[in-house]
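Right, one structure below, let's go through it.
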Amino acid sequence: MPTAAAADALVEVRDLTTMLSGKAVFAGLSLDIPRGKVTAIMGPSGTGKTTLLKHITGQMRPDRGVLRVDGQNVPALGREALYALRERIGYLFQNSALLTDYDVFENVAFPLRQHARLPEVLLRNIVLTKLQAVGLRGAARLMPSELSGGMARRVALARAIVFDPMLILYDEPFVGLDPIALNQVLKLIRTLNRTLGITSILVAHEFAAVRQVADLVHLIANGQCVASGTPEQLARGESDWTRQFFGGDADGPVPFQYPAGDYATALGFTGAAA
Amino acid sequence: MSADMKAGAPRGGMLVDGLAQVGACGLFLLGMLGAIPRSLRHLREISRQIWFVGAMSLVIIMISGLFVGMVLALQLYYTLSIFGGTAALGTVVALSLYRELGPVITALLFAGRAGTAMTAEIGLMRATDQLAAMEMMAVDPIAFVATPRFLAGVIAMPLLANVFSMLGLLGAHLVGVTWLGVDNGTFWSNMTSNVDVWKDIVNGTWKALAFGVVVSLIAVFQGYTAPPTSEGVAYATTRTVVFASIVVLALDFVMTAFLM
């Protein structure tokens, strides 16, 4: 569902169709991610939110459709062009995905060491600046195994912004965080967006948290974008989808029961019905 | 469907799956070879891996080589004494070690010590999204993770096999000369006059190099393609040892037939 901000969209998705194991994950999905805003992608579990992030970064190719990031059609990009694009994108993994052989400093320095030939002093200053931004400059020499979940996520965030990307993708950034760590991550997302103007895409289930940072929410279900708007607009629940999802109803357009045969037959009560 | 057809179906499936695995492994090897120029930018990573798979395997290789040489000397002394040929002990031990036992046993130990470590490490890197994170940082995991480990294995194996054989000779000398009383001069002079550097030692080193290629390839491939679960990594590690051992023994026969 294209929004009014389509003209200034950093990410444009048009008629995206993806089949996985014979099941349509996306069936003509269309949406826009406006430049410089925080956009949340929400939807029931298994609806393809992380798959969408993988399409945006070219980790997975759709079966059909167009997906443009900053004007480039990602599925059509070759390896070199894709890697060049990825250098401008930060990705925060659900499990942080820190390199376990390296300490915090080297994890954040990793992209710089691979792609930029910087003097060690400059590299050190950039890394410390990013670690200071996430409040972990003092943890620079700790190993990933010594970090809490919230700290690991902040280190991963420092690594994701080390190249000052145009776009950051957050995959379930609030899962498993205590209230303090959750607020820290929320504050960081908002600060990065406001101070650096980084476009952010947020995949999350926690509407209360999303409400605090997102400018726009896309609700995905049944392979399509079924609702878009500000968090306040969606919270009003003007459609069955938004009413069920944001109201937390067990049953509705998204059925509670996984498709199955007749219940009475499964229990062996076929004779009782007759 | 008849019982025969039912029984035949899985066998056909396994054959096709097996061929598909071999094909995928071949393509993976081509991918790694193509990534060598990019991997050479990561010399620090390659030398770190040589340290892990080579230097860290030295202790087990040296101890095993010493004992294999000692056992070999005991057994061969007994056999040669039947024919009154104990003077040839040094020669027979050296030929056995350099031509056969050194490369083969080193490869089997290498698969168990370094191969499993490579598979488990890469498998866990996939399971914890570290490889995906590298992809997202525009770093090719084949060039940064797979190829350096493969090259390290290929470089380390011939060196380890020669260390194994040298320690084996030392063990044989300890048993044959010091314990069983074979003349020291006869032991060394017969050996040096009958063992040819090119035909025996260099051919043995070629074997070790070939074993290094197959063991490292199998270990890295199994880790890279392991399902991202604890069970998947465990199976992949087991497969590394089983496949590498079978391939090494089969390849040994083929190479020996050609190099004889």
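Structure notes:
- Between helix B:147-173 and chain B: long-axis angle, C-alpha atoms, 0 to 90°, nearest 10: 20
- Total formal charge among the other residues, if their Cβ is under 14 angstrom from that of residue A:34, Lys/Arg +1 and Asp/Glu -1: -2
- Helical runs (DSSP H, four residues minimum) scored at -39500 (n - 2.57) apiece and divided by the length of chain A put the mean residue ellipticity at 222 nm at -10500 deg cm²/dmol.
- Each residue of the stretch A:179-187 is assigned a 3J(HN,Hα), and the resulting list reads x, 5, 4, 4, 5, 4, 5, 4, 5 Hz, derived from the Karplus form 6.51 cos²θ - 1.76 cosθ + 1.60 (θ = phi - 60°), x at Gly and Pro.
- Couplings for the stretch A:34-40, taken from phi via the Karplus curve 6.51 cos²θ - 1.76 cosθ + 1.60 with θ = phi - 60°, read x, 5, x, 10, 9, 10, 9 Hz in order; Gly and Pro are left as x.
- Take each residue of peptide B:125-134, count the partner chain Cβ atoms within 10 Å of its Cβ, and average: the result is 6.
- With all projection directions averaged, the alpha carbon convex hull of the stretch A:52-194 covers 9.3 nm².
- Quotient of C-alpha Rg and 2.2 N^0.38 Å, computed over the stretch B:138-210: 1.64
- Our analysis of chain A gives Rg over Rh at 1.04, with the two radii drawn from alpha carbon positions and Rh computed by the Kirkwood formula.
- Residue order for A:215, A:103, A:164, fewest other beta carbons within 10 angstrom first, comes to A:164, A:215, A:103.
- Degrees, to the nearest 10: B:230-259 long Cα axis against longest axis of chain B: 50
- Nonlocal Lys pairs with alpha-carbon distance under 17 Å, the protein assembly as shown (8 or more apart, or different chains): 4
- Of every Cα-Cα pair in the stretch B:39-259, the percent that sits beyond 24 Å: 48
- Residue exposure sequence - A:77, B:97 - by fewest surrounding Cβ within 10 Å: A:77, B:97
- When only alpha carbons are used to place a centre, the stretch B:50-76 and the stretch A:83-106 end up 40 Å from one another.
- Residues whose amide H lies under 5 Å from that of residue A:168, counting only those 5 or more places away or on a different chain, are A:90, A:199, A:200, A:201; hydrogens are built 1.01 Å from N in the peptide plane.
- Ordering B:93, B:195, A:217, A:203 by the number of other Cβ atoms within 10 Å of each residue's own Cβ, fewest first, gives B:195, A:203, A:217, B:93.
- Averaging Cα coordinates gives a centre for the stretch B:116-189 and one for the stretch B:11-49; these two points are 18 Å apart.
- Result for chain A in a Gaussian network model with C-alpha springs under 10 Å: among A:22, A:176, A:36, the largest mean-square fluctuation is at A:22.
- Calculated diffusion of the protein assembly as shown, Stokes-Einstein form, Kirkwood radius summed over Cα pairs, 25 °C and 0.890 mPa s, µm²/s: 90
- 0 to 90° range, to nearest 10: angle between helix B:3-34 axis and chain B longest Cα axis: 80
- Springs join every pair of Cα atoms under 10 Å in this Gaussian network model of chain A, and among A:141, A:35, A:14 the largest mean-square fluctuation is at A:141.
All of the numbers you see were taken from the coordinates with simple rules; none came from a lab. All values derive from a computational prediction rather than experimental measurement. All Cβ positions, glycine included, derive from the backbone under ideal geometry; neighbour counts span all protein chains shown.
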